[in-house]
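Enquirer: Here it is, the structure in full.
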Amino acid sequence: MTAINQVADKVLAGLRLAGDEALALYRKAPTPLLGRLADAVRARKHPDRIVTYIIDRNVNYTNVCVAKCAFCAFYRPVGSADGYVLGFDELFHKIDETIAVGGVQLLLQGGHNPDLPLAWYEDLFRAVKERYPAFKLHALSPPEVIHLSRLSQLSVPEVLRRLIDAGLDSVPGGGAEILVDRVRKLLHCYSKASAEEWLDVMRHAHLAGLRTTATMMYGTVETDEERLEHLLKLRQLQDATGGFTAFITWSYQPSHTELGGAEATGIDYLRTLALSRIVLDNFDNLQASWVTQGGKVGQLSLAYGANDMGSVMIEENVVRAAGASYCMDEAEIVRNVEDAGFIAKRRNMHYEVLGDPVFRAIDVPRMIELATAREDGAGHIPAELSQYEARSRAGKQLRVIPN
Ligand code: SF4
C-alpha cells in the first residue's frame, strides 16, 4: 500500500506517472482513492467548476461498411436490403433541426462504403458550407480517412487537404478502439486501421491545423497493460502535436455483435475514466460517456475526472444498435450537472464557452426520444448518388451514370 500512497502523492504533486506506476494504481488503488486523485487533476485544470457540453447532432451518413468489425452491431454489408446512404436533402433537414435547438455542428461518421467516392464527401461538405457557413463539420474518424485514401489512391495528407478545402473543421477520434495491434487483429479492425495508421492520421490532421478528439473503447479482449498502452500512445502524440482537444472512453456494447460477451461494469468504467484523467496529464478535457453508461453514471463521472458531458444527443444509431439507448436533452444534462454541484455551459468543438443553456433563453422543445438516421422503412436511394461512380457490383446495379 505504501507504493500506492507514493504514486498517489506523485499525482497530487502534479507529476507525470510512468506506465508501471499507473498500472499499479489502476490495479490496486481503492475506487474512492482513484476518484479523489482524478478529481484533483480535474480541479487543477478546471478550478472554475464549469462543466461543458455541446449541442450537436451525431449523424451516420451510411451504414454500409466493408470493414466488418467484430464488435459492431451497426454496419450492413454491401448489397444488404437494410443498407442506406443519406441524401444531401436529408442531411440539410437534420442540420435545420439541429440549428433550431441551438446546435452548432454535425458529428458526421459512417461505414466504409465502397460506393461513396471522395468527390461525394467533398460535394456534401461544400453544399453544407454554402447553405450554413457558420455551421461546423466534425467529421470522418481516422479509419474513414484511411478508407478514402485507399479508395482514391491519394495519400492521407492529400485526402485531408481536400476535405479541409471542402469544409472539414475537425476530426472525431472514433475507430481507435484499443491502439494495440494484437487487440485490433482479434477484433477484426486491424485492416481498417492499424494502431500506427490511426495515430498517423491524427498526426497529419494536427499538422494540417485541425483539432481532433481521441477515444478508447475498452472491455473486449484487451489486457490492463494494453488499455494503459493505448493511453500512453495518446499521451505521446499529444506531447508532440498538442492537437487533441478531448478524450472520451466508453465500454464495449455487446448486444447483436459478432463478438458477443458481457458489458464492463459501472465501477470498471469509473476506474478506467479516472485512470485516463491521471495518465493523460496533457489532455485538458475528458468527456463523460453517459450515452453508453446512462445518465446516472454519466453524472458520477464528474467526480471521477470528467469535466464535459459531451453532446446533447439529438440522434444516435451506433450504440443503440448494440443495445444501449439513453437520451438526455439539454435540460436534462444541465439538471445533472448542476445537481452535482457544477456550473453548466455550452461550448463549441474547441471547448470555447458559448454561453448559458439555450433552453433558459428560448423556447426549445423537450426531446425525450433520440432520432434515428432514417425512419424505419424509408429505403429510398438519394437522387444525387447517380452522379458518383459505384465500385461494388451491387452499387453499380443501383446506379446509372449520366453521360
Ligand atoms: S465500427 Fe465502423 S468500420 Fe467497423 S464495421 Fe462498424 S461501421 Fe464499419
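The numbers here are math on the coordinates, done by the rules we state, and not lab data. The structure displayed is predicted, hence computed values, not measured ones. Don't worry about glycine lacking a Cβ; one is built from the backbone with ideal geometry, like all the others, and counts go over all protein chains shown.
Enquirer: Ranked highest first by the average count of other Cβ atoms within 10 Å around their residues, in what order do 58-67, 178-187 fall? Before the final figure, lay out each step's value.
Expert: Numbers: 58-67: 22.1, 178-187: 19.5.
Ranking, from highest mean packing down: 58-67, 178-187.
Enquirer: Short version: what are the Cα gyration tensor semi-axes of the chain, square root of 5 times each eigenvalue, largest first, in whole Å?
Expert: On the way: eigenvalues 236, 117, 76 Å².
That gives 34, 24, 19 Å for the three semi-axes.
Enquirer: How big is Rg to Rh over the range 221-342, alpha-carbon atoms, Rh as the Kirkwood inverse-mean-distance radius? Walk me through the numbers on the way to the answer.
Expert: Numbers: Rg = 14.8 Å, Rh = 15.3 Å.
With Rh from the inverse mean 1/r over Cα pairs, Rg/Rh is 0.97.
Enquirer: Give the relative contact order (percent, whole number) for the range 183-271; include only Cα pairs under 8 Å separated by 6+ residues.
Expert: Relative contact order of the range 183-271: 30 percent.
Enquirer: May I ask you to give the average projected area over all directions of the convex hull of the Cα atoms of the range 155-249, in nm² rounded to one decimal?
Expert: Details: hull surface 23.2 nm².
Computing the convex hull of the Cα atoms and averaging its projections yields 5.8 nm².
Enquirer: In addition: Starting at 0 and stepping by 10 Å, how many percent of the alpha carbon pairs of the range 174-213 end up in each bin?
Expert: The distribution over the range 174-213 is 32, 48, 19, 1, given as percents.
Enquirer: What is the extension gain from E122 to L12, computed as 0.36 nm multiplied by their sequence separation minus the C-alpha to C-alpha distance, in nm to one decimal?
Expert: Working: separation 110, 0.36 × 110 = 39.60 nm, distance 4.73 nm.
Working it through step by step, the gained length comes to 34.9 nm.
Enquirer: How big is the charge dipole of the chain about its Cα centre, in debye rounded to the nearest 20, if each Lys and Arg gets +1 on its Cβ and each Asp and Glu gets -1 on its Cβ?
Expert: Numbers: 44 positive and 51 negative charges, 115 e Å.
Charge dipole, the chain, about its Cα centre: 560 debye, nearest 20.
Enquirer: What spacing in nm lies between the two simple spin-label points modelled at L154 and L398, each 7 Å away from Cα in the Cβ direction?
Expert: Placing both labels 7 Å beyond Cα along the Cβ direction yields 2.4 nm.
Enquirer: Would you mind pulling out the separation of the Cα centroids of the range 273-296 and the range 122-181, in Å?
Expert: Value for the Cα centre distance between the two parts: 25 Å.
Enquirer: Okay, which of the range 113-146 sit inside 19 Å, backbone N to the point 7 Å along the Cα-Cβ direction of E389?
Expert: Residues passing the 19 Å test: 113-124.
Enquirer: Go ahead and estimate [θ] at 222 nm for the chain from helices alone: -39,500 (n - 2.57) per DSSP H run with n ≥ 4, summed, over the residue count, rounded to 500.
Expert: -12000 deg cm²/dmol
Enquirer: Order these by the 10 Å Cβ neighbour count, fewest first: K129, K296, K136. Could you put the intermediate results ahead of the total?
Expert: Numbers: K129 17, K296 12, K136 22.
Fewest to most other Cβ atoms nearby, the residues stand as K296, K129, K136.
Enquirer: Under the definition of Cα pairs under 8 Å and six or more residues apart, what whole-number percent is the relative contact order of the chain? Intermediate values should be presented prior to the final figure.
Expert: Values: 760 pairs, mean separation 92.0, N = 403.
Computed over the chain, the figure is 23 percent.
Enquirer: Provide the packing ranking of 215-225, 105-115, i.e. peptides ordered by the mean count of other C-beta atoms within 10 Å per residue, highest first. Present the calculation step by step, with values, prior to reporting the outcome.
Expert: On the way: 215-225: 19.1, 105-115: 23.9.
Those peptides, ordered most packed to least, come out 105-115, 215-225.
Enquirer: A further question follows. What FRET efficiency would be calculated for the residue pair R360, A262, taking the C-beta separation as r and a Förster radius of 56 Å, to the nearest 0.05?
Expert: For R0 = 56 Å, the calculated efficiency reads 0.85.
Enquirer: Mean separation of Cα pairs under 8 Å and 6+ residues apart, divided by the residue count of the range 141-187: what relative contact order is that in percent? Could you put the intermediate results ahead of the total?
Expert: On the way: 21 pairs, mean separation 21.1, N = 47.
After rounding, I find 45 percent.
Enquirer: With 10 angstrom as the radius, rank R42, R36, R277 by how many other C-beta atoms surround their C-beta, starting from the fewest.
Expert: Numbers: R42 23, R36 17, R277 28.
Least crowded to most crowded, the residues run R36, R42, R277.
Enquirer: Could you order peptides 351-360, 93-102 by the average number of other Cβ atoms within 10 Å of their residues, highest first? Intermediate values should be presented prior to the final figure.
Expert: Working: 351-360: 14.7, 93-102: 16.3.
The densest-packed peptide leads the list: 93-102, 351-360.
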